[in-house]
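None of the figures in this text is laboratory data; all of them are computed from the coordinates on show. These numbers were taken from a predicted model, which means no experiment stands behind them. Here the Cβ positions follow ideal geometry from the backbone for every residue, glycine too, while neighbour counts run over all protein chains shown.
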Amino acid sequence: MVPFDPTGDNQSFTTESLRPEFNYTITNGTITITKYNGSGGAVTIPDTISDLPVVGIGDYAFQGSAGLTSVSIPNSVTSIGNGTFQACGSLTQRHDRQRRSPVSGL
């Protein structure tokens, strides 16, 4: 975790009070999901967290989430990192909600 820097734009958070299933970073007013902490099942990645757009899913963010069965990805996500869904043996569906723009990393 990066310590809070009140003078900088780059911050890292564990979302225990907002979205406990995700860790994320804020960079220039946008959010990248960096880790999934949930128990699996069907997961919906939010379009926004605290009114900031979720634009990316980081490298290995869902890696090893054995119970994950489906992921719904919002249109706001434009980048998906390397190995994001690696070793997710139960993942059978990925939904790109109303995808209008290409996503890098798929």
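Side notes on the structure shown:
- Evaluating 6.51 cos²θ - 1.76 cosθ + 1.60 at θ = phi - 60° for every residue in the range 21-37, the Karplus couplings come out as 7, 10, 9, 8, 10, 10, 10, 6, x, 10, 10, 10, 6, 10, 7, 9, 10 Hz, glycine and proline recorded as x.
- Theoretical gain in end-to-end length, ASP59 to ALA42 [0.36 nm per residue, Cα-Cα removed]: 4.1 nm
- Less than 5 angstrom separates the built amide H of LYS35 from those of ASN23, all sequence-distant by 5 or more or on a different chain.
- Residues with amide H under 5 Å from that of THR69, placed H, sequence gap 5 or more: GLY41, ALA42, VAL43
- Ascending count of other beta-carbon atoms within 10 Å, so fewest first, for SER76, SER65, SER90: SER90, SER76, SER65
- Each label was represented as a point 7 Å from its Cα along the Cα-to-Cβ direction; for THR30 and SER79 these points are 0.7 nm apart.
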